[in-house]
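*Asks:* Can you read through this structure? Questions will come right after.
The values are calculated or read from the model by the stated rules, or taken from the named source; none is laboratory data. Worth saying up front: this structure is predicted, and the values here are computed from it rather than measured. Here the Cβ is made from the backbone with ideal geometry for all residues, glycine too, and neighbour counts use every protein chain on show. The protein model used for the area step is the full one, side chains on, heavy atoms only, and it has no ligands, DNA or RNA in it. Shrake-Rupley method; radii C 1.70, N 1.55, O 1.52, S 1.80 Å.
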Amino acid sequence: MPAILANTRLLVATLWAGSLWAVGYLVAPTLFATLTDRVLAGSIAGSMFHSMAMLSLGCALAMVLLLWRATPDWTPARRRTVLALVAAMALCTVISHFGLQPMMAELRHAAGPAGVMESAAKSRFGMLHGISSVIYLVQSALAGWLVIKQV
């Protein structure tokens, strides 16, 4: 049973990291490069990032449960390190999705059909988007570390 749980832990970490990388660095840029309607591309990307946030929170919960049950041979230091990685990644999701994204959505809504990039809120939106992108980059790097720490 411990081998199954250890493999499950590795799969969850890999799912979390791979989905972050695929959505953030493959799918979202492809949407903006392919679709001529940037408002539509942003709407689809936003929907995907929402799904990614929910998946992140689910993976964080699964990892905590698996760390609790599936790491009997780990040192306490290793367990703390991995728990800190999971907590930091979950915090990135919470700050970005529940802190920054509602502010960005409010700006998009206020801008109307022309889109936020054609409104007076363009610079504020750009700043929030930049902060969100940096948080996502940090979370993506932590995800790589999380996968490596599983082996």
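*Asks:* Run the accessible area of the chain with a 1.4 Å probe and give the carbon-and-sulfur part as a rounded percent.
*Replies:* The nonpolar share, carbon plus sulfur, comes to 73 percent.
*Asks:* Write down Rg/Rh for the stretch 2-41, rounded to two decimals, with Rg from the C-alpha atoms and Rh from the Kirkwood relation over Cα pairs.
*Replies:* 1.32
*Asks:* Taking R0 as 22 Å, what's the FRET efficiency between Trp21 and Ser123 from their Cβ-Cβ distance, rounded to 0.05?
*Replies:* So, using R0 = 22 Å, E works out to roughly 0.15.
*Asks:* Ordering Ile135, Ile148, Ile95 by accessible area with a probe of 1.4 Å, largest first, what comes out?
*Replies:* Result of the area sort, largest leading: Ile148, Ile95, Ile135.
*Asks:* Let me ask you something else. Positive end of the dipole of the chain, charges at C-beta (+1 Lys, Arg; -1 Asp, Glu), about the Cα centre: which of Trp145, Ile44, Ala121 has its Cα farthest in that direction?
*Replies:* The listed residue farthest towards the positive side: Trp145.
*Asks:* Which value, in Å to one decimal place, does the Kirkwood hydrodynamic radius take for the chain when every pair of different Cα atoms is included?
*Replies:* Across the chain, the inverse of the average 1/r is 16.6 Å.
*Asks:* With a 1.4 Å probe and all protein chains left in place, how much accessible area per residue does the stretch 92-142 have, in Å²?
*Replies:* Per-residue accessible area for the stretch 92-142 comes out at 58 Å².
*Asks:* Could you pull out which residues in the stretch 14-31 have an amide N less than 20 Å from a spot 7 Å beyond the Cα of Val151, following the Cα-Cβ vector?
*Replies:* 14-22
*Asks:* How high is the FRET efficiency between Ala33 and Leu61 when r is their beta carbon distance and R₀ equals 35 Å, given to the nearest 0.05?
*Replies:* According to the calculation, E is roughly 0.55.
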